[in-house]
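Heads up: the structure comes next, in structure tokens.
The values are calculated or read from the model by the stated rules, or taken from the named source; none is laboratory data. Note that this is a predicted model, so its numbers are computed, not measured. All Cβ positions, even for glycine, are placed from backbone atoms using ideal geometry, and neighbour counts span all protein chains on display. We work out accessible area using only protein heavy atoms, side chains counted, and drop any ligands, DNA or RNA first. Shrake-Rupley method; radii C 1.70, N 1.55, O 1.52, S 1.80 Å.
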Amino acid sequence: GEGRKMCSVHPPRLGVTSAIALFAIAAASTTVHPLAHGHPEIPAAKTMEKPAPDVSKLAERPWLDASLPVGERARLVVAAMTLEECALQTDQARVDAVDETSARAGVGSIILATSATAGNDKQLSSSAALVDGLQRAAVEGSRLGVPLLAARDVIHGHHTVFPIPLGQACAFDPDLVEAGARAAAVECSADGVRWTFSPMLDVCRDPRWGRVAESYGESAFLAGELGAAAVRGYQKRGDLSAPDAVAACAKHFAGYSAAEGGRDYDTTEISNATLEDVYLPPFREAVVGAQCLTVMAGFNALGGLPAAVNRDLLTGVLKERWAFPGVVVTDWDAVREACAHGVAADGAEAAAQAIVAGSDVDMVSGLFKDHLPALAARDVATEAALREAARRVVELKLRLGLFERPYADPAAAGRAAAVDRTPHLELARRAAAQCAVLLVNHDETLPLTAPAPSVAVTGPLAEATGELLGTWTLDGIPSEVTSVADALDQALAGAGAGLQGAVTRAPWQDRDAVVRAARASDVVVAVVGEGPELSGEANSLAAPELAKAQVDFLDALLGGEAAAEGTSEHAHGGRGAQPPAPRQPPRVVLVIISGRPLVLPRSADRCAAVLWTCHPGTEGGRGLADVLTGAAEPGGRLAFTLPRHAGQVPLYHDHKPTGRPLGEYYRAEGGSGGTRYLDSAGSPKFPFGYGLTYTSFRVEGPPRVVHASADAGVVVRCRVVNTGARAGTAVVQAYAGQPVAELSQPVRRLAAFARAHLEAGAGVEVELVLPPRAIAYCHRDGGRRVDATRLHIGVGLHARDCALADAAEAVVEVDIPAAGTLVL
């Protein structure tokens, strides 16, 4: 019979525990963890006892007494500092501007980057020897012996590169994100990096913006869950003084991703309610929930005031409301940019505004060290702000154990001489498969199974290697990457795969060769997309779509001009509908690799299968080959709404109803409400949360309410059944809507999710916890809390399943009997 087990949506708050052991415990109990497929344990450096301080130095440097509380030690250090030394602690210098002389002068931190857009430019490799050389000058040569802190943009892996964050979001798996961050921390700390500028928690609704690649997509709830997981991974779940823990940095605080037109660094106009309900919650979850040590202020202005000098944001919200004890760092040269914004007359005024606003570290502008000592000498408030900032920086270093173990050298840090990357690479391969999203699969074209097919592989990214790493991979190793074509060739030729199919390669620019190969093959795998140079910082696109040359290539491959676009029902406006079956032959499997959501060409509707992945990292080629051949299932679900036309942007699942609703935009044309455009269907091409597997699932009936209260949230249960012939993993999603509220609320918003692995024919009872923060909203008085109200809760397999206005069979009404306390 079918197993009846429970799934809970939230990962347990455990100490540093092997994922393997965690899931072994889950399997032996009556509860199935929602993230039911474990990831390999990441070997951690052995935590050593802190070395005893040199007693002879304690008299002149009492802060070296490790038995004292960290806060007291930081206070003692700063009390001994001159104003110049305090200002140096708040200065972050670029690595090519620092030498042993400046380290002996007491520079506070260095960023291992040489340009403002390091994710796009060639950078120096990170080096423990370089960091230790500067560190030795700081510790042994500066007046107070305060160590410096080395920072680096370790965004989605270090030497082992994982899928870009947008791709990781498609896995809907906090444990996967945490494991990847843990691996990155182990690797980068061995190179002397103890501070990473990750995770990026900007909720992104506009695929034109290049930095969508670094985001966790369009859902504030999903971004908060995954961002907190990344923080736990980097910071080793609070074991901060371990030599392989690194300080995480939640960025960019706040609203940076709302840049008008998707143009990087452009104006953001955000209402207070939207700021509180969309852009701030992920940061709160990282800072309050996961204890993130640092936060980066954004480049953008809110209400005309740049974030780096915005006291209401940095002090009012972050340091006072959320009681954030950590460090606020500006983005690259952002203090100086206050002048360009027009809110400061010169560098001195910009520095004064920033330090008083709550910026603790000035990244690379040098204005803090140049101007704050003199300003603080004349102004008590500026001096107090400067000393408070220096105290926070010193406390961060103490919490990271740098006063006891300042060096990355293995003997000094108490760690193994070399990092074993084998489990990291295995994890990266599984991550690449789990983050891939299967959008279309007609007639079970995928997986490529026996009897052995003949396969032609072509396309502009079929032979790509380093391009698979994606943006912001400063220390990735392109030579380690296997292309999709090579990986598929190896998989199809491998006896373990049970396939012996011949792989033909056709250069995509040679249209005649492509057509010949297609006619001679059972299946054509066409790998298209965009390289990392088109995504990331300062890489916005007016038209987020495939390049014309690639569209022409697909049209030629499929035998001419693509057919007219189908109705919204055929383009996934209807529940679970797929586009019309493609014309045969050939059977084309379209693999799309990109750094952002792309508008699909109309020729995609005639492909037998469509597999989407964001830049998948070091093991991306092998991971995708695993999916194509059935060695792994496509585990991803869209963390963004995929538009059918660039003119629809921004398009997202949690939109407002408006005063004259045109009808839920998923409805078919001709139905109630019609379309939102005269020249295009209003529905997205694919909804948020959508993704197929190699089996099928059914959520039975509306969810059952287990508990509902304003202060504890809502708990619902539902039964999920694997109705297919293969084992697979369902990503069960709960959406909440509040029809009547003080302020207009989204028609639905993601409020919980769970992964449940099921054998063929099996069923499972899934429990979903919708926490108060997922159902609270900003009221007219500015407070964010849960009402005494009636909610609509829908459970399904993607956002379309939970169109709360017209999906009664999947929706339950939930009464909240009394209003809750304020949700910060």
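Some points to look at:
- Distance in nm between pseudo-label sites at LYS656 and LEU678 (7 Å out along the Cβ direction from Cα): 2.6
- ALA712/ALA760 FRET efficiency (R0 35 Å; Cβ-Cβ; nearest 0.05): 0.45
- For the chain, share of DSSP beta bridges that run antiparallel, in % to the nearest 5: 50
- Dipole orientation for the chain: of the candidates VAL440, ALA413, VAL786, VAL786 has the Cα lying most toward the positive pole (charges on Cβ; Lys, Arg +1; Asp, Glu -1).
- Rough spin-label spacing in nm, given labels placed 7 Å along Cα→Cβ, for LYS57 and LYS122: 4.0
- log₁₀ of I(q)/I(0) at q = 0.15, 0.21 Å⁻¹ - region 218-367, Debye sum with one point per alpha carbon: -0.75, -1.32
- Size of charge dipole - the chain - debye, nearest 20, with Cβ of Lys, Arg +1 and Asp, Glu -1, no other charges: 1360
- For region 90-196, the share of alpha carbon pairs falling in successive 10 Å distance bins from zero is 15, 41, 28, 13, 3 percent.
- The slack between THR82 and GLU388, meaning 0.36 nm per residue of separation minus the straight C-alpha distance, is 108.8 nm.
- Between ALA520 and ALA819, the FRET efficiency estimated from the beta carbon spacing at R0 = 51 angstrom works out to 0.15.
- Antiparallel %, DSSP beta bridges [both residues in region 682-750], to 5: 100
- Distance in nm between pseudo-label sites at THR449 and ALA381 (7 Å out along the Cβ direction from Cα): 7.1
- Counting only aspartates and glutamates at least 8 places from LYS319 when in the same chain, those with an alpha carbon closer than 13 Å to its own are ASP360, GLU388.
- Calculated from the alpha-carbon coordinates, region 715-824 shows an Rg and a Dmax of 15.5, 54 Å respectively.
- Label zone of TRP322 (point 7 Å out along Cα→Cβ, amide N under 17 Å): in region 231-272 this covers 231-235, 247-258, 272.
- Residues GLU60, GLU537, ordered by accessible area of protein heavy atoms at a 1.4 angstrom probe radius and largest first, appear as GLU60, GLU537.
- For region 686-744, the Cβ-based charge dipole about the Cα centre amounts to some 360 debye (Lys, Arg positive; Asp, Glu negative; other atoms uncharged).
- Projecting the Cα atoms of LEU692, VAL721, LEU678 onto the charge dipole of region 674-737 (Cβ charges, centred on the Cα centre) puts VAL721 farthest toward the positive pole.
- Taking a straight Cα-Cα cut-off under 16 Å and skipping sequence neighbours fewer than 8 places away in the same chain, the aspartates and glutamates within cross-link reach of LYS236 are GLU41, ASP175, GLU178, GLU187, ASP244.
- Bins of 5 Å from zero: percent of alpha-carbon pairs in region 298-371: 3, 20, 31, 26, 13, 6, 1
- Relative contact order (percent, whole number), the chain, Cα cutoff 8 Å, 6+ residue spacing: 14
- Filter on LYS57/LYS397; LYS122/LYS548; LYS251/LYS397 - keep pairs with C-alpha separation over 22 Å: LYS122/LYS548
- Accessible area in square angstrom per residue, the chain, 1.4 angstrom probe: 34
- Radius ratio Rg over Rh of the chain, counting only Cα atoms, Kirkwood formula for Rh: 0.97
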